[in-house]
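Only the coordinates and a few stated rules stand behind these numbers; no lab work does. Just so we're clear, the structure is a prediction, and the values are computed from it rather than from any experiment. Quick reminder, even Gly has a Cβ in these numbers, built from the backbone with ideal geometry, and neighbours come from all protein chains shown.
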Amino acid sequence: MTLFLQQFVNGIALGSVYSLVALGLTLVYGVLKVPNFAHGALYMAGAYVSYVMLTSFGASYIVAMAVSVVVLAVLGGSMEWLVFRRLEGKTPVHSMIAALGLLFFMEGTADVIWGPTFRQVPTPFDGVVTLLGVNITEQRILVIVAAVVTMVGLYLLLKRTLVGMSIEAMAQDREGALLVGIDTRRVALLTFAISGALAAVAGSLIAPLLLVFPNMGELIILKAFVIVILGGMGSVPGAILGGYLLALAETMAGTYVSFAFSELIAFGLLVLVLVIRPTGLFQKGV
Amino acid sequence: MSAPLLRVEHLGMHFGGLKAVDDVDLDVPEGEITAVIGPNGAGKSTFFNVVSGFCTPTTGRVALNGVDVTGLAPHRIARLGVARTFQTTKLFPEAEVLDNVIIGRRQHTKSNVLDAILRTKRLRTEAAECRERARQALEFAGVLHLEALPVGSIPQEARKRVAIALALVAEPQLLLLDEPAAGINEEETSGLTALIRKVVESGIAVCLVEHKMRMVMDLSDRIVVLNQGKKIAEGTPEEIRGDPTVIDAYLGGSSHA
Amino acid sequence: MRLPPARGVALSLLLLTAILFPLLVDNPYLVSVVITAYVTAIAVYGLDVMLGYTGELSLAQGGFFGIGGYSAGILMATYEVSFWIALPAAVVMTAALGYVIGLAALRTRGDYFAIFTLAVGVMIVIIIERWEGVTGGTDGLIGIPPPSSIGPLRFDSLTAQYYLVLFFLVLTIYVVWSLVNSLVGRTFVAVRNSEELARAVGIDAGKTHQLSFVISAALAGLGGALYAVFLGYIGPAMGGVQMTFMMLVYLMIGGVASLAGPLVGTLLVTGLMQFLQAFAEYQMMALGPILVVVIIFFPKGLAGLAKLLPERWRR
Ligand SMILES: Nc1ncnc2c1ncn2[C@@H]1O[C@H](COP(=O)(O)OP(=O)(O)OP(=O)(O)O)[C@@H](O)[C@H]1O
Ligand SMILES: [Mg+2]
């Protein structure tokens, strides 16, 4: 039972990160219909910015994360401004190829600056809390709490602010949004910025638990795609729920079956979805 | 007595709660023009989508020459002799007019990858035949002079004629035309009317969806009226012209108010 | 379809240059660079069949390249099968796998298809890395012998290998050319231009996609197998997503849906990268933005530019 609880908490922590990454991906997809392959690189960059702030500038963890959020929001926004905006009206294939270009640019840049070495990120939250016989590192608690706070913040942003409501309106009906006078370009820019910020939070939170390296975003972005396809491309609740479910399934499978099996779950799910329902499980059919 | 070319029985196409087509019976006999009319959103295009296999109906069946084809894929139905055009005139963009029409003949050819690589006689004969037929279809539709132009550069009326040529090149038994005269002027419309008459005279049955009543009345042997998915009237142009339920449907029932 | 005479002459000249190249250039290193470019170009032609002519972005192309390479490599190094059997076996194997993967992947189109094939590509690398007993894991597979001789023809010299690879490249270009200029190629393009209309005129869009995907995988398999044999080595990176990305860069720079595009792009970029060896570190950092610029400003690549030029001159 303790083992189960232990793994449950670990799964929730991992799921928090999965959900944050999937959220950024799904927001951008909802608004622009671009599957942003470079999103994993934003997550990687977010982790590196925090790493630099912590190690080179001696910033506190919270400050490091805040800086990372700002930098990545700018980076995400400039992706839209410099690249995707210019591909408006072209086929989705064009945007996808551009996204791949951005992905390899960012990974290549990280490789040039920091090299392929795995970096350990220090955290002040290295204590352990014991609860019902379960040992939880403070960092994991921080991950879970910060993710929930971020998600609530995102929810309020989407539902309570004009910007957020325009994002939702545009995700539902781009032409309609244009007709009712929404500045679709500004909304697209903001959506990318928000998606960058979410990736930064996720990258900064996970960094001390895992290692930081240039390709760290490659696997998680695929998992995020699986989550987003399962939850319905563009769906916010789908991304959150899917993130936690996949992470729990993976941790449990890793504990009770085998690690190799846990890694296959995401791909297995993807195949399953395609075979059963290519448009996504929770999405309305065409 | 032989079965009609197209027979549709109790056809229903429901999208969630919306019954876009609701229990429709309809026959299209050989050699005639049958028009399907009705106000916007009546389910006319959806009816075509079901008949041509793009939608699998919720209820009922579709039969061609007495053979049940309900739920077959669009390319299978096409190969059974049903050609169609789309409401928003569809052509293959980024291709020239002749190339557009050639592909319409592909369903009658057998050349495969091996033929292509070995450049067999079959491939060469078929390719030449497709080209010849495509030019004939373009000539029939009166647009042969445009054969070398990219489809993006030709006027709307010509596009509509090319779309008809593309449908005809397969030598269908039944041609479904979805608003062929939308967005063109009076004169062009009468030209198109003449073309459609020529199509029927060549032995192809036509099922026509159109809002332009003059054209419908001029051409049709029979008219079927849909409203909110349901068939509300059927008859000759004269019968339909004076039918109060039809007038009601078009006026949205406001005459009762 | 007959070629216009001017193009025929140009082609013959090109072929002659390619044939004379190893005799004129007495630089084994350069010859081996060109060999690498040729084998990669074969796989890039495969990518073009799917992306350029059928309109779907397959991100498993690197994975298929790896499968071709490992199939040939394992057969030849581990089981000592002759190259002349291993090569076709590798191509068939890759094509068969492409067929099976296509059954699932082609239930989707567009972005979903790209995502799914990306996942397949990543999975292929993971399997290669984990299946150590067979593939040599992350170390890769070494000791793949050169092709055995047939009669008096020996393939242990670099020049002989160059001609063998050139033969397969020309064969690939011929196959792609004859497909594109046939009713089959027209069918691919019709499905790319409008799948809905293609179905309405009686084309089985599913089968067409499946065929294109299998051809695309087979060419990747051929390229990969030749690559493994001529390097004598294959590692997991050759089946990786980065490999797919490189192929995409070659294709986009050369120009999609053009017969010369894949070869020109591959030769040009691999050639430049050799000249700029000193900056190898910056390769990905530079290629990423180049790809983005190409996609935004020259989506038809060099082939597209070349088509524009004569029109300007005529004025
Ligand atoms: N794929 C679909 N999913 C959901 N609803 C649909 C679908 N296709 C059509 N409908 C709905 O079915 C109804 C009938 O539409 P349809 O396009 O058949 O009308 P129509 O008679 O062709 O109208 P118009 O004259 O404007 O072309 C409409 O309310 C439409 O919104
Ligand atoms: Mg309609």
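Could you tell me how far the Cα centroid of the range C:36-85 sits from the Cα centroid of the range A:121-177, in Å?
43
With +1 assigned to the C-beta of every Lys and Arg and -1 to the C-beta of every Asp and Glu, and no other charges, what is the dipole magnitude of chain A about the Cα centre in debye, to the nearest 20?
Dipole about the Cα centre, nearest 20: 520 debye.
Sequence neighbours fewer than 8 away in the same chain don't count; with that in mind, list the aspartates and glutamates whose C-alpha is under 20 Å from A:LYS33.
Result set, ordered by chain and number: A:GLU80, A:GLU88, A:GLU168, A:ASP173, A:GLU175, A:ASP183, C:GLU56, C:ASP111, C:GLU195.
Chymotrypsin sites (Phe, Trp or Tyr not before Pro), restricted to the range A:8-78: which are DSSP loop and have at most 11 other Cβ atoms within 10 Å?
A:PHE57
Go ahead and run the numbers for FRET between B:LEU114 and C:ARG130, Cβ-Cβ distance against an R0 of 51 Å, rounding to 0.05.
Once the sixth-power term is evaluated, E becomes 0.85.
Percent of Cα-Cα pairs more than 37 Å apart in chain C, please.
In whole percent, the long-distance tail amounts to 13.
Can you tell me how much longer the chain between C:SER148 and C:ALA6 gets when fully stretched, taken as 0.36 nm per residue apart minus their C-alpha distance, in nm with one decimal?
47.2 nm
Quick check: net charge around B:GLU210, other residues with Cβ under 13 Å of its Cβ, Lys/Arg +1 and Asp/Glu -1?
With Lys, Arg at +1 and Asp, Glu at -1, the net is +1.
Could you tell me the largest-minus-smallest coordinate of the C-alpha atoms of chain A on each of the three principal axes, in descending order and whole angstroms?
Computed over chain A, the largest-to-smallest principal extents equal 57, 47, 36 Å.
With Cβ to Cβ distances under 13 Å as the rule, what net charge do the other residues near A:ALA260 carry (K, R +1; D, E -1)?
Around A:ALA260, the charge tally is -3.
If I model a spin label at B:MET213 and A:PHE125 as a point 7 Å from the Cα along the Cα→Cβ vector, what separation in nanometres do I get?
With each label point 7 Å from Cα toward Cβ, the separation is 7.2 nm.
Bin width 5 Å, origin at 0, all Cα-Cα pairs of the range C:1-77: what percent of pairs per bin?
All Cα pairs, binned at 5 Å, distribute as 3, 12, 13, 15, 17, 17, 15, 6, 1, 0 percent.
Can you pull the three principal axis extents for the Cα set of the range A:72-221, in Å, largest first?
57, 40, 21
Efficiency by 1/(1 + (r/R0)^6): what FRET value for C:ASN27 and A:SER78, r their Cβ-Cβ distance, R0 = 45 Å, to the nearest 0.05?
Efficiency for this residue pair is about 0.55.
Among A:ARG174, A:ARG186, what is the fewest-to-most ranking by other Cβ atoms within 10 Å?
The most exposed by this proxy come first: A:ARG186, A:ARG174.
Suppose we flag chymotrypsin sites (Phe, Trp or Tyr not before Pro) only when DSSP calls them loop and at most 12 other Cβ atoms lie within 10 Å. Which is the longest uninterrupted stretch of chain C?
It runs C:132-315.
Charges only on Cβ, +1 for Lys and Arg, -1 for Asp and Glu: so what's the dipole of chain C about the Cα centre, in debye to the nearest 20?
Dipole size: approximately 1160 debye.
Which of C:SER182, C:SER149, A:SER262 comes first, and how do the rest follow, when ranked by fewest Cβ neighbours within 10 Å?
So the ranking, lowest neighbour count to highest, is C:SER149, A:SER262, C:SER182.
Can you give me the Cα centroid spacing of the range A:182-238 and the range B:58-113 in angstrom?
Taking the Cα centre of each part, the range A:182-238 and the range B:58-113 sit 42 Å apart.
Got a sec? How would C:VAL81, C:VAL91, B:VAL246 order by Cβ neighbour count within 10 Å, fewest to most?
Ordered from fewest to most neighbouring Cβ atoms within 10 Å, C:VAL81, C:VAL91, B:VAL246 come out as C:VAL81, B:VAL246, C:VAL91.
How compact and how long is the protein assembly as shown, expressed as Rg and Dmax of its alpha-carbon atoms in Å?
When restricted to the Cα atoms of the protein assembly as shown, Rg and Dmax are 30.2, 98 Å.
Can you tell which of C:VAL170, C:VAL184, C:VAL201 shows the greatest fluctuation in a Gaussian network model of chain C with Cα springs below 10 Å?
C:VAL201
Taking Cα centroids, how far is the range A:1-41 from the range C:216-283 in Å?
Going from one Cα centre to the other spans 33 Å.
What Kirkwood hydrodynamic radius do you get for chain B when you take the inverse of the mean 1/r over all pairs of distinct Cα atoms, in Å?
Across chain B, the inverse of the average 1/r is 19.1 Å.
Once both labels are modelled 7 Å past Cα along the beta-carbon direction, what's the B:SER202-A:SER258 spacing in nm?
6.6
Using +1 at the Cβ of each Lys and Arg and -1 at the Cβ of each Asp and Glu in chain A, identify which of A:PHE104, A:LEU178, A:SER258 lies farthest towards the dipole's positive end.
After comparing all options, I get A:LEU178.
Please compute the alpha carbon radius of gyration of the range C:27-184, then divide it by the globular-protein estimate 2.2 N^0.38 Å. Two decimals is fine.
In units of the 2.2 N^0.38 Å rule of thumb, it is 1.12.
Between their Cα atoms, which of B:LYS110/B:LYS198; B:LYS160/B:LYS198; B:LYS160/B:LYS230; B:LYS121/C:LYS207; B:LYS160/C:LYS300; B:LYS44/B:LYS90 are more than 21 Å away from each other?
Those over the limit are B:LYS110/B:LYS198; B:LYS160/B:LYS230; B:LYS121/C:LYS207; B:LYS160/C:LYS300.
Can you divide the C-alpha Rg of the range C:180-291 by 2.2 N^0.38 Å and report the result to two decimal places?
Expressed relative to 2.2 N^0.38 Å, the Cα Rg reads 1.31.
Using Cα springs under 10 Å in a Gaussian network model of chain A, which residue among A:GLY176, A:GLY232, A:GLY40 shows the largest mean-square fluctuation?
Among A:GLY176, A:GLY232, A:GLY40, the largest GNM mean-square fluctuation belongs to A:GLY176.
Quick one: putting +1 on the C-beta of Lys and Arg, -1 on the C-beta of Asp and Glu, what dipole do you get for the protein assembly as shown around its Cα centre, in Debye to the nearest 20?
For this selection, approximately 880 debye.
Determine the gain in length on full extension of the stretch A:VAL70-A:LEU178; use 0.36 nm per residue of separation and subtract their C-alpha separation, reporting nm with one decimal.
36.1 nm
A:VAL145 versus A:PHE4, label points 7 Å from Cα toward the beta carbon: distance in nm?
Computed distance between label sites A:VAL145 and A:PHE4 equals 2.8 nm.
Could you list the trypsin sites (Lys or Arg not before Pro) in the range B:54-146 that lie in coil according to DSSP, counting only those with at most 11 other Cβ atoms within 10 Å of their Cβ?
Taking the range B:54-146 and a limit of 11 other Cβ atoms within 10 Å, the loop trypsin sites (Lys or Arg not before Pro) found are B:LYS110.
Tell me, what is a quarter of the convex hull surface for the C-alpha atoms of the range B:92-171, in nm² with one decimal?
Reported value for the Cα convex hull: 5.1 nm².
Towards the positive end of the charge dipole of the range A:19-215, with charges on Cβ (+1 Lys, Arg; -1 Asp, Glu), say which of A:VAL134, A:LEU205, A:VAL163 has the farthest Cα.
A:VAL163
For C:LEU13 and C:PHE167, calculate 0.36 nm times their separation in residues minus their Cα-Cα distance, and state this gained length in nm to one decimal.
Additional length available on full extension: 53.8 nm.
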